[in-house]
1. Could you tell me which of rounded, prolate or oblate describes segment 109-208, using a ≥ b ≥ c as the square roots of the eigenvalues of the alpha-carbon gyration tensor, with rounded for a/c under 1.5 and, failing that, prolate when a/b is larger than b/c and oblate otherwise?
2. Hey, for a label at Ala204 modelled as a point 7 Å past Cα toward Cβ, could you say which residues of segment 150-167 have their backbone N under 13 Å away?
3. Quote the charge dipole size of segment 109-208 about the Cα centre in Debye, to the nearest 20; the model charges only the Cβ of Lys and Arg (+1) and of Asp and Glu (-1).
4. Roughly how many nanometres apart are two label points built 7 Å out from the Cα toward the Cβ at Asn120 and His106?
5. I'd like the distance between the alpha-carbon centres of segment 146-181 and segment 188-207, rounded to an integer number of Å.
6. What length, rounded to one decimal in nm, is gained on full extension from Gln193 through to Lys52, with 0.36 nm per residue of separation minus their alpha-carbon distance?
7. Could you give the nm distance between label points at Asp149 and Lys45, where each point is 7 Å from its Cα heading toward the beta carbon?
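Read the figures in this text as sums done on the coordinates, not as results from a lab. It should be emphasised that the depicted structure is a prediction, and the values quoted were computed from it without experimental measurement. Note: ideal-geometry Cβ built from the backbone for every residue, glycine included; neighbour counts use all protein chains shown.
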Amino acid sequence: MNFLKSSGFSSVPNNTNQPRAQPQYNQSTYGAATYQPQMPPQPEKSTNEKIKEAFDNFGNKIVEVFTPTSNEPAQVTSVSLLDEAPQPTSKAPVVQKQKTTKKFVHLTPAKKFIKTTSGNAKPTQAEENTFVNNMVETSIDELIEALNDQDWKVKARACRGLELCAEHFGFEKIHPAKSTIQGLVSAPQKSLQLASKSLLDKMASAPTGFSFAQTSAQPATESAPVSDEVINFGEEQ
C-alpha cells in the first residue's frame, strides 16, 4: 500500500466499505422528498399509433367541452372545431310569405249545373232535380252564355239546362239562342250532338207565345140595341 502511495497511485477503493448510491430525490413544494425513478427510453411510436392517439385526444377534448360539470345545462365554450360560416353581407329585406285563404265563390244554380266536376257531359237525375228546384229566369242568360264555352261538356250541359228552363218558363225565352244551338248539332262529340238536337226538336214542336184564340175570345163592349134607340127628328122646342 505504501509502495502504491509512493508511486503516485491512490489506494483502491473498497466497495464493501463504501455506501451504495442512493436514488435521487427532488424537494417538493412542502419540503417532502419525491422519488423520481429513471424510466427506460420508450420506443418511437408508429404512424398508425400516432394517428390513433391524436383521435383519442380529440374525442376527449370534445367530451370535456360538452360535458356539464353540474346540474346546469351544458354550455358550449368558445372552442370551435370548424371554421365559422361567413355571414351574408347582403341586407336585402326578407320577404315573408303571407298565408292566403281561398275565398268562397257562390255559384248560381246554372253555374252549378254546368260545372263538370264529375267529368260527365250528361247530368245525372239528381243534378237535374236540384237545378229544377232552384233555377230562376236569369239562369237562361247564363246557360245561353255557356253555349260558347270552350269545353264541349259544358255546352252539352247548357243545352240540357235550357231545355229544362224552357219547359218551365217557355220556349220563346230561349229563341234568341236558336242559331247557336243549330251550330252545335254538327259538333264531333256525340253527347253534344244529341243534347243540341233534342233541344231543337222541342223548340220546333213547342207552341209559340202568341195565341190566336185569345183575340177571338175578347168580350164585346156593351151597346144599346138599334131597335131600342129613339131618334127624334121633331121640331126644336
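1. oblate
2. In segment 150-167, the label zone of Ala204 (backbone N under 13 Å from the point 7 Å along Cα→Cβ) covers no residue.
3. 340
4. Taking the simple label geometry, Asn120 and His106 are separated by 2.9 nm.
5. 9
6. 42.2 nm
7. Result for the modelled spin labels: 8.2 nm.
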